[in-house]
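Derivation of every value follows stated rules applied to the coordinates shown; laboratory data play no part. No experiment lies behind these values; they were computed from the predicted model shown. Reconstructed Cβ throughout: ideal geometry from the backbone, glycine too, with neighbour counts over all protein chains shown.
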Amino acid sequence: MSNNPLNHSLSSAPTKPKRTIKIGSIAAKGYLGLIYALLYLPILVLVVMSFNQSKIGYNWGGFSLKWYESLFNNQAMLDAFWHSIVLGLVAATVSTLIGTLTALALHRYKFRGKGLLNGLLFVLMMSPEIVLAISLLALFLLIGLQLGFVSLLLAHITFCLPFVVITVFARLSSLDERLLEAARDLGANESTMVRTVLIPVILPAVMAGWLLAFTLSLDDVVVSTFVTGPSYEILPLRIYSMVRVGLKPEVNAIGTLLLVASLVLVIISQLLLRRR
Amino acid sequence: MARNSLGSKSPFRTATLWLIWGWLLIFALLPNILVIAVSFLTPDSSAFISLPVSIDSYVRMLDPLYFEVFVHSLWMASITTVICLLLGYPFAWLVSKAKVRWQPLLMMLLILPFWTNSLVRTYALKLLFANNGLINKSLLAIGVIDAPIDILYTQGAVIAGLTYLLFPFMVLPLYAVFTDLRNDMLLASQDLGASKTQTFWHVVLPLTTPGIISGVLLVLLPAMGMFYVADILGGSRNLLVGNIIKNQFLDARDWPFGAAASVLLTLAMAVLLLAYRASSRRIGKTDFNEVA
């Protein structure tokens, strides 16, 4: 599905022979190159600036790690960082659990309202974040839930859920039914079959789903802005409050660290999905 | 497939279905119903909302004060969508025509930034756009301008920021429809005497319309909601619908009004989803997953 670009790029590689462009090939490469350059230029500038000695930010004053140093001495930032990690770990784990079960149910069970369930997941994924954000805030206040860790957790699980479902579901769709039949023919009972065939087959997708959920949780600003409480400040909101008031070199440093962390997670999840 | 594995009437099945339905009904369906309900209530300073039921919030959106912000937000989001489409359409086509073994890498490079913190990337743009930022410095250095031009806190900065963040979402569905576009269709069209232009308008464009619509869906609506982009790059005069919703909910505490704005966004999403379905039916696809 459209919102899961990672799957997409992997599953849609065509098998039919493709013509490569001959005429205008240089122009084509130039165009692609330009777009990629534009996509990566801001990131590059941010990373370079994070090592900049100069306080003003725009002038290069020599290489320095001082913004990283001041980052590690900033207690509010460190607290927010740990809060985000804890939230991400729990949200990713729960959403992976529910999401995997959902994918299994959608793939293997026939039940009434399956279309509606599919539709709910689809709409949940397509909804603008801000719509989801205020609807969850309305719910939490209606049921009298104290805004803080629990409200953040419930919200994060909810927006991660569809991403996990389609990641695992895509893997299940490509699963060869004959594998399961073979296991059964060879005398495996249900639990053995699930343990020895089904779980090993979907495990990479489950892990990839977990990593994506963790990344989404770590990066979310919109939903968290609404459902957060004063007792539990998370990193993206800490950063948001810093960048609103101006340029902060510390943000370059934490931004660079976050970029590196996200890239590592995405690359691991891609490798997991690619392995057959 | 479903019949024999994992048991069709097992407690496991029952528990799983209860869990999923429970979660989605409580955290996806119910909250949306609540927002619709809230949008028809009256704001109240102590309890956020109160009776009587009214359509006052919807009427108030026509108030010039807000209406202008809505129009301006829609304008910026639309321009963003058009730019993403104009840049993304050839981009997706070129990627789909690249050597097959390069395509996963090219797509991967496109979406890598998507998985990195969008707030941080918005902030990175600020480093480029500032008066003494990279763009102004480069332009000054090569002598195109004599004095720094204002980029930050303009409408253009917001549009550039939204385009930067949302571009991959336009390309993904377009790439999917282009890889589905069969070469023999194009050859058939040319064999039947159609020119390149005719082939584009009568074959390529209709067949890629579902991709265009889902790209628009994935860019236009988020572009109206990403309040932090307007906050960081746009200053106080370039607000998005998202800023209004946030402001009404978190600062002004006028819930019904914020909810009404959100209902409008949801309606816009519904319209686009229906258009998408209609266009993919027309080319013989009924499943969202096939194209989206």
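For the stretch B:254-284 and the stretch A:40-104, what is the separation of their Cα centres, given in Å?
Rounded to whole Å, the Cα centres lie 34 Å apart.
Using the alpha-carbon centroid of each, what span in Å lies between the stretch B:169-215 and the stretch A:250-276?
Centre-to-centre distance over Cα atoms comes out at 35 Å.
Within the stretch B:61-290, how many Lys pairs that are eight or more residues apart, or on different chains, come under 30 Å at the alpha-carbon?
7
As a check on your grasp of the helix formula, calculate [θ] at 222 nm for chain A: sum -39500 (n - 2.57) over DSSP H runs of n ≥ 4, divide by the residue count, round to the nearest 500.
Taking each H run of at least 4 residues, the total per residue is -24000 deg cm²/dmol.
What are the ³J(HN,Hα) couplings of the stretch B:236-250, residue after residue, when phi is run through the Karplus curve with 6.51, -1.76, 1.60 and θ = phi - 60°? Round to Hz, x for glycine and proline.
Per-residue couplings from phi come out as 7, 9, 10, 8, 10, 3, x, 5, 5, 4, 4, 4, 5, 7, 9 Hz.
With springs only between Cα atoms under 10 Å, which of A:208, A:155, A:188 fluctuates most in a Gaussian network model of chain A?
The residue with the greatest mean-square fluctuation here is A:188.
About its Cα centre, how strong a charge dipole does chain B have in debye, to the nearest 20, once Lys and Arg get +1 and Asp and Glu get -1 at the Cβ?
1040 debye
For chain A, return all DSSP H helices satisfying: extent of Cα atoms along own axis at least 30 Å; mean Kyte-Doolittle hydropathy at least -1.0.
A:25-50, A:75-108, A:149-173, A:249-274
Beyond 25 Å, what share of the Cα-Cα pairs of chain A is found? Please give it as a whole percent.
Of all Cα-Cα distances in chain A, 59 percent exceed 25 Å.
Run lengths n ≥ 4 of DSSP H only: what is the helix-derived mean residue ellipticity at 222 nm for chain B, with -39500 (n - 2.57) per run over all residues, to the nearest 500?
When only DSSP H runs of four or more count, the value is -21000 deg cm²/dmol.
Dividing the convex hull volume of the alpha carbon atoms of the stretch B:61-290 by its residue count, what do you get in Å³ per residue?
Roughly 173 Å³ of hull volume per residue.
Grab the beta carbon distance between residue B:42 and residue B:78, set R0 = 41 Å, and tell me the FRET efficiency rounded to 0.05.
Values: r = 33 Å, r/R0 = 0.79.
That gives a FRET efficiency of 0.80.
In nm, to one decimal, how far is the residue A:34 label point from the residue A:203 one, both placed 7 Å along Cα→Cβ?
Result for the modelled spin labels: 4.8 nm.
Between residue B:137 and residue B:65, what FRET efficiency follows from the Cβ-Cβ distance if R0 is 41 Å, with the result rounded to 0.05?
Approximately 0.60, to the nearest 0.05.
Taking the Cα centre of the protein assembly as shown as origin, work out the dipole magnitude from +1 charges on Lys and Arg Cβ and -1 charges on Asp and Glu Cβ, in debye rounded to 20.
So the magnitude is around 1840 debye.
Would you please state which residues of the stretch A:220-259 a label at residue A:86 would reach in this model, taking the label point 7 Å out along Cα→Cβ and a backbone N cut-off of under 19 Å?
Only A:220, A:224-225, A:227-239 pass the distance filter.
Go ahead and set up a Gaussian network model of chain B, Cα springs under 10 Å, then flag whichever of B:151, B:55, B:245 fluctuates most.
Among B:151, B:55, B:245, the largest mean-square fluctuation in the Gaussian network model of chain B belongs to B:55.
Is the shape of the protein assembly as shown best called rounded, prolate or oblate, per the rule: a/c under 1.5 gives rounded, else a/b larger than b/c gives prolate, else oblate, with a ≥ b ≥ c the square roots of the Cα gyration tensor eigenvalues?
In terms of gyration-tensor shape, rounded.
Please find the FRET efficiency linking residue A:150 to residue A:178, where r is the Cβ-Cβ separation and R0 is fixed at 56 Å, and quote it to the nearest 0.05.
0.80
Identify which of A:247, A:87, A:218 has the largest mean-square fluctuation in a Gaussian network model of chain A, with springs joining Cα atoms closer than 10 Å.
A:247
How far apart, in nm, are the 7 Å Cα→Cβ label points at residue A:48 and residue A:70?
2.1 nm
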